[in-house]
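Take a look at the structure set out below.
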Amino acid sequence: YGSSVGDVYSGGNGIEREVVYKSSDDDYPYGFMNIKVIKVEESPTPFPGVSKIVYIANHRFGMVGIDFTLDDNSVIHFTLYGSVEN
């Protein structure tokens with residue numbers, strides 16, 4: 001969670017991951033509360049039909065969501081809940 005917006009990381013095989021958002025307020029709904037998150041965008045993706053993936057993470061709960069943007073620009077969102085905190 002120490003990354004800054006604009007930081008870029010290599011995912012191997014030509015894939016790049018870039019930090020595109022970092023909240024300063026508790027603005028992401030998670031269960032019955034709002035939390036701070038960081039969003040990391042991956043493109044291109046290794047999956048046919050998926051143009052980008054956005055990983056949503058929190059310093060306490062780890063990975064809390066994933067957004068898949070498809071080739072037709074529709075977005076599929078998955079919220080992830082874990083039983084263990086970091």
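The values are calculated or read from the model by the stated rules, or taken from the named source; none is laboratory data. Everything numeric in this text was worked out from a predicted model, so none of it was measured. Positions of Cβ are generated from backbone atoms using ideal geometry, with glycine treated the same way; all protein chains shown enter the neighbour counts. Ligands, DNA and RNA are stripped out before the accessible areas are found, and what is left, the full protein with its side chains, is counted by its heavy atoms. Shrake-Rupley method; radii C 1.70, N 1.55, O 1.52, S 1.80 Å.
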On average over all directions, what projected area in square nanometres does the chain have, based on the convex hull of its Cα atoms? 6.2 nm²
Karplus (6.51, -1.76, 1.60) ³J(HN,Hα), θ = phi - 60°, over region 27-32, in Hz, Gly and Pro reported as x: 10, 10, x, 9, x, 9
Show me, for region 65-75, the HN-Hα J-couplings you get by feeding each phi into the Karplus relation (A = 6.51, B = -1.76, C = 1.60, θ = phi - 60°), rounded to Hz, glycine and proline as x. x, 9, 10, 9, 9, 8, 4, 8, 6, 7, 10
Amide H of Phe61: which non-local residues (sequence gap of 5 or more, or other chain) have their own amide H closer than 5 Å, using H built in the peptide plane? Asn86
Karplus-derived HN-Hα couplings along region 2-13 (A = 6.51, B = -1.76, C = 1.60, θ = phi - 60°), whole Hz, x at Gly and Pro: x, 6, 10, 4, x, 5, 10, 10, 7, x, x, 6
Carbon plus sulfur fraction of accessible area for region 15-75, probe 1.4 Å, in percent: 54 percent
Taking the chain as a Gaussian network, Cα atoms linked when under 10 Å apart, which of Gly11, Gly31, Gly62 shows the biggest mean-square fluctuation? Gly31
Roughly how many Å² is the accessible area per residue of the chain, as a whole number, for a 1.4 Å probe? 64 Å²
Could you work out which residue, out of Ile35, Ile53, Ile76, moves most in a Gaussian network model of the chain, that is, has the largest mean-square fluctuation with Cα springs under 10 Å? Ile76
In region 4-60, the chymotrypsin sites (Phe, Trp or Tyr not before Pro) that sit in a DSSP loop and have at most 13 other Cβ atoms within 10 Å of their own Cβ are Phe32
